[in-house]
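Here the structure is laid out as structure tokens; the discussion comes afterwards.
Please treat every number below as a calculation from the coordinates, not as lab data. Please read these numbers as outputs of a predicted model, since none were measured by experiment. All Cβ positions, glycine included, derive from the backbone under ideal geometry; neighbour counts span all protein chains shown.
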Amino acid sequence: MIYFLSDAHIGSRALGDRAAHEKHVCQCLLSLSSDATAVYLLGDWFDYWYEYVWRKPQEYSLTLATLRQLTGRGIPVHYFIGNHDIWTFGWLEEQTGVILHRRPEVMTIAGKQCLLAHGDGLIPSDMLSRYPKPVQKKIRRFMFLRWVFHNPVLQRLFALVPPDLGDRLGYEWARRSRLKELAHPVGYKGENEEELVLYAKEQEQKRHLDYYIFGHRHIELDLCLASDARVVILGDMFRQFTYAAMDNNGNLTLENYEEYKVQ
Ligand SMILES: [Mn+2]
């Protein structure tokens, strides 16, 4: 089986017991690994990740050991960055043996053409103008912040911030965004409004793919487009514990790992 998981947000300061959450996520990974031939982590696996020059992330020894265990057994683990764990500069790969992806990728998996991405920043080109002005402003702000976060020069400048302060800022920013989302969850907006569905439709005009698999939205979706392409949004490993499983013939289903209550 091939597994797709996303948005664990490990280490989130919005969690009451983040050690218990991390343990649960790692147990899930280990249990899936018994028949996994590949694992795809589609972003925001950590709630905040920054590799400083003199100090690397310190909290995630269990997750790092679990990833190392999988790759050590020969299971390829593909790690897509999200919008919370952009700032890896080689150390994560070195420590765990994961294959890092910084951009959306089209890959052939079990004979199926799949586009894989975290999903942030994928807004169809004609979409922005259709929104009311305040929403446009919000999206522009997000895209500007995204540009700042992805800018290599600014990334290196942030490395000059003392790690303790940097971490405090990073975790606080991530905690706020998580709490905001928990307080006001944006559910599925429907086929004509959901950006990732519209993005997939736009891509389908250029060439047909079998699957578009995303994280980021913290909703579960399995939608068949007119072109027969399927758009799959994974839910999350933060509180829903949902993921997708694909067999060797390319059949994909959304699955649920056992319940765990966020404290
Ligand atoms: Mn995200």
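For Leu30 and Leu182, the difference between the fully extended length at 0.36 nm per residue and the C-alpha to C-alpha distance is 52.0 nm.
Summarising the label geometry, the points placed 7 Å from Cα in the beta-carbon direction at Leu254 and Arg73 lie 2.7 nm from one another.
Sparsely packed loop sites in region 1-56 (the chymotrypsin sites (Phe, Trp or Tyr not before Pro) outside DSSP H, G, I, E and B with at most 14 other Cβ atoms within 10 Å) comprise Trp54.
Treating the chain as a set of equal point scatterers at the Cα positions, no solvent, please give the Debye-formula log₁₀ I(q)/I(0) at q = 0.08 Å⁻¹. Treating every Cα as an identical point scatterer, log10 I(q)/I(0) equals -0.31. Kirkwood radius and radius of gyration were both taken over the C-alpha atoms of region 19-63, and their ratio Rg/Rh is 1.03. Here's how it looks for Arg55: its modeled amide H is under 5 Å from none belonging to a residue 5 or more places away or on a different chain. Taking a point 7 Å from the Cα of Asp247 along the Cα-to-Cβ direction, the residues of region 207-227 with backbone N closer than 19 Å to it are 211.
The alpha carbons of region 175-263 give a radius of gyration and a Dmax of 14.4, 45 Å, in that order. With each label point set 7 Å from Cα along the Cα-Cβ vector, what nm distance links His208 and Ala20? Going by the 7 Å Cα→Cβ label model, 4.9 nm.
Just to verify a number: FRET efficiency for Met107 and Asp222, C-beta to C-beta distance, R0 = 25 Å, to 0.05?
0.85
Counting charges near Arg130 (Lys, Arg +1; Asp, Glu -1) among other residues having Cβ under 15 Å from its Cβ returns a value of 0. DSSP bridge analysis restricted to region 22-149 gives an antiparallel fraction near 40%, rounded to the nearest 5. From its DSSP helices (H runs of at least four residues, each -39,500 (n - 2.57)), the chain gives a residue-normalised ellipticity at 222 nm of -11000 deg cm²/dmol. Say a paramagnetic label sat at a point 7 Å from the Cα of Phe89, along Cα to Cβ; which residues of region 39-63 have their backbone N under 14 Å from it? What the label zone holds, given the 14 Å backbone N cut-off, is 50-57. Other residues with beta-carbon under 12 Å from the beta-carbon of His208 carry, at +1 per Lys or Arg and -1 per Asp or Glu, a net charge of +2.
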